[in-house]
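One structure is given below, encoded as structure tokens.
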Amino acid sequence: MASLRLFSTNHQSLLLPSSLSQKPLISSPRFVNNPSRRSPIRSVLQFNRKPELAGETPRIVVITSGKGGVGKTTTTANVGLSLARYGFSVVAIDADLGLRNLDLLLGLENRVNYTCVEVINGDCRLDQALVRDKRWSNFELLCISKPRSKLPMGFGGKALEWLVDALKTRPEGSPDFIIIDCPAGIDAGFITAITPANEAVLVTTPDITALRDADRVTGLLECDGIRDIKMIVNRVRTDMIKGEDMMSVLDVQEMLGLSLLGVIPEDSEVIRSTNRGFPLVLNKPPTLAGLAFEQAAWRLVEQDSMKAVMVEEEPKKRGLFSFFGG
Ligand code: ADP
Ligand code: MG
């Protein structure tokens, strides 16, 4: 029975980047657990190396899930800002119509004066609706509509495609990445958000309801011609996996059959940073979840993925940090 299979894991899942030797290893259990080291957790940025951009630009990536509250907006903000920190130009589009909150997570809510609706209606220019982040000037936010407002009739996938085309032909040049934060559900808002995209990042948590929605969404994305779909497993708790109260990442991967872009641990810092409007990846010192988002962004750029493998747990050596290898 599927449900039995899901919870039957009695091993801990250890995740290793596919080509660890070529990648900067950003944290290891030894570093994190040893308080005598001065800089216990390290960011990839310290290596002063930029990931190699694979594929044609602009890369148009929709961040989706099906289920609400699994971490799409958190992923959009943190992966988007990581890409900007790597030196790529990024436009993040908040396509969550009624429940817009990407601006809040980024701390840009007071600077959104115009939205896509005004651009389409001819009430403002596209550059007036783009909000440039003061911390990373190569990161811009574009919101589809005002919070709680209804979209005008006729604003759908075609309108969003038109806006994306307009971004590509801006005088200052096309961005490297256009990241679209998709609303929950699979109705009109979802269809609008996925229309211009040519790749998708599916965010899921390791629970059965999120997985069922993620599976449905994968089918819909494929029907829409989006075949490049990677997943991020968010809010993972090693203690619960060990206690067989949570599916392991390997179980999730087996169920969805998607390549793995990243694994983000459950981390109270995520909630803290959400409430402060200060994205996690900018935290100093970096946090585990922030580093995991950075690594996921790195893999996104290089069109790389990571592997979930089963290992016998070594008593007392493996903990939360084993998600990052080492
Ligand atoms: P969505 O956009 O899918 O609806 P959000 O990104 O808004 O989801 O996240 C929903 C809530 O979950 C937020 O309060 C956020 O702070 C929290 N959250 C997301 N990821 C994590 C995590 N890894 N650890 C702890 N809390 C998280
Ligand atoms: Mg959201």
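The values are calculated or read from the model by the stated rules, or taken from the named source; none is laboratory data. What you are looking at is a predicted structure, and each value in this text was computed from that prediction instead of being measured. Note that each Cβ is placed from the backbone with ideal geometry, even for glycine, and that neighbours are counted across all protein chains shown. Please note that ligands, DNA and RNA were not included when accessible areas were found on the heavy atoms of the full protein model with its side chains. Shrake-Rupley method; radii C 1.70, N 1.55, O 1.52, S 1.80 Å.
With unit charges on the beta carbons (Lys and Arg positive, Asp and Glu negative) and the dipole taken about the Cα centre of the stretch 91-208, which residue among CYS116, GLY157, ILE178 sits farthest to the positive side?
CYS116
Could you state how much accessible area CYS223 has, in square angstrom rounded to the nearest 10, with a 1.4 Å probe and all protein chains kept in place?
Roughly 120 Å² of CYS223 is accessible to a 1.4 Å probe.
When the chain is fully extended, how far beyond the present Cα-Cα distance does ILE208 get from SER174, taking 0.36 nm per residue of separation? The partial results should precede the final answer.
Values: separation 34, 0.36 × 34 = 12.24 nm, distance 3.94 nm.
8.3 nm is the gain from fully extending ILE208 to SER174.
Could you provide, to the nearest whole Å², the per residue accessible area of the stretch 231-286 with probe 1.4 Å?
Numbers: 2340 Å² over 56 residues.
Roughly 42 Å² per residue, with all protein chains present.
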